[in-house]
Amino acid sequence: MYGGIEAGGTKFVCAVSDEGVIVEKISIPTTAPEETLKQVFDFFDQYELEAMGIGSFGPIGIDKSTDSYGYVLATPKKGWTNYNFLGSIKDHYDIPVAWTTDVNAAAYGELLKGAAIGKKSCIYLTVGTGIGAGVVIDGNIFSGIAHPEMGHIWVKRHPDDTYEGTCPYHKDCLEGLAAGPSIEARTGIKGQDLPQDHPVWDMQAFYIAQALVNYTLTLAPEKIILGGGVMNQDHLLHKIRQQFVELMGGYMETPPVSEYIVRWGLPNESGIIGSLLLAEHELAQTK
Ligand code: ADP
Ligand code: ZN
């Protein structure tokens, strides 16, 4: 049996799988680390786990050669900055534990079981409270000095956009201009309640499409998968595809855009399914 944790800023989803099937799944509100972990342990203690996989909100330390490996780094989430998340789990369970970001786990889940089945590479981009992306290349999660932070890239400003941006670090980076909170900050209306013909959707599409062009030009993945609350807007996906084609300007050949830029194949479950698959992968690696 494998254990998976999709650790988010608002909730932790914990699940146990047996032979590829989820046997139990629970959701725990994210509060103080010790309090949340206590509930995590209460849940997993019921099972004999062979390995675990964690896809965590970040940023997180993923370089095994540094002291911050396994830690949650500079997060606005109270109590979690510099928390040794992986260490706490490993102190409690003496089993192999895979450790990566929530979006990396989602990308991995989508590659093996979701919208990118049969591919070797994909990017998973979430547009929700924040913007983040996970990258799988040649079947493996990509990381270098750190995990990529593809939500904080620079984008060209839309000519009609005067909004300063919500990112506490950069103000008008991609996340600052196109994550869910920016929609509400511009209009006073939450994305889910904003009419489809509102001009802010064109700005959203313009920014997200720029990001996808940049990702395509730098990494050339076989598929780009979009998830997160804001991507529940079907018309937005359509606008993003149109803008992508326009901004690419015919320069690089990609698969037809309706096949290349797609919605998630495992709605709301990419992260937890990916975490469980990573647990399995981790065990195989250590054998
Ligand atoms: P989180 O990123 O916290 O995991 P979500 O992916 O649900 O959670 O993102 C929440 C953000 O997405 C909020 O800013 C919310 O207003 C926005 N959002 C949620 N549902 C929709 C929707 N149907 N259309 C547009 N925006 C939405
Ligand atoms: Zn930023």
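The values are calculated or read from the model by the stated rules, or taken from the named source; none is laboratory data. Not measured: the values here are computed from a predicted model. Here the Cβ is made from the backbone with ideal geometry for all residues, glycine too, and neighbour counts use every protein chain on show. Note: areas computed on protein heavy atoms with side chains; ligands, DNA, RNA excluded. Shrake-Rupley method; radii C 1.70, N 1.55, O 1.52, S 1.80 Å.
Overall, the anisotropy analysis places segment 81-195 in the prolate class: the square-rooted eigenvalues a ≥ b ≥ c of its C-alpha gyration tensor yield a/c not less than 1.5, with a/b exceeding b/c. Using alpha carbon centroids, what distance separates segment 86-154 and segment 25-68, in Å? Going from one Cα centre to the other spans 15 Å. Net charge in the neighbourhood of Asn232 (other residues with Cβ under 13 Å of its Cβ; Lys, Arg +1, Asp, Glu -1) is 0. Here segment 77-131 is assigned +1 on the Cβ of each Lys and Arg and -1 on the Cβ of each Asp and Glu. Its dipole about the Cα centre then comes out at about 160 debye.
The Rg/Rh ratio of segment 12-71, with Rg taken over Cα atoms and Rh as the Kirkwood radius over Cα pairs, comes to 1.00. When +1 charges are put on Lys and Arg Cβ atoms and -1 charges on Asp and Glu Cβ atoms, the dipole computed for segment 116-244 relative to its Cα centre reaches about 320 debye.
Only lysines eight or more places from Lys223 in sequence, or on another chain, were considered; those with a Cα closer than 17 Å are Lys113, Lys119, Lys120. Only protein atoms count toward the accessible area here, which uses a 1.4 Å probe; on the chain, the carbon and sulfur part of that area reaches 51 percent. Here the gap between Thr218 and Lys64, fully extended at 0.36 nm per residue and compared with their Cα-Cα distance, gives a gain of 52.9 nm. Based on the Stokes-Einstein relation at 25 °C and a viscosity of 0.890 mPa s, and on the Kirkwood radius from alpha carbon pairs, segment 115-263 is assigned a translational diffusion coefficient of 158 µm²/s. Over the chain, accessible surface divided per residue gives 46 Å², non-protein components excluded, 1.4 Å probe. The tail of the calculated P(r) for the chain, taken as Cα-Cα distances beyond 27 Å, holds 39 percent of the pairs.
Annotation: extensible slack from Asn140 through Glu34 equals 35.0 nm (criterion: 0.36 nm per residue apart, minus Cα-Cα distance). With axes computed from alpha carbons, what is the tilt in degrees of helix 270-286 against the longest principal axis of the chain, rounded to the nearest 10 within 0 to 90? Taking the Cα atoms of the chain, the angle to 270-286 is about 50 degrees. A Cβ-based charge dipole, computed about the Cα centre of the chain with Lys and Arg at +1 and Asp and Glu at -1, lands at about 520 debye. Expressed per residue, the C-alpha convex hull volume of segment 36-143 stands at 126 Å³.
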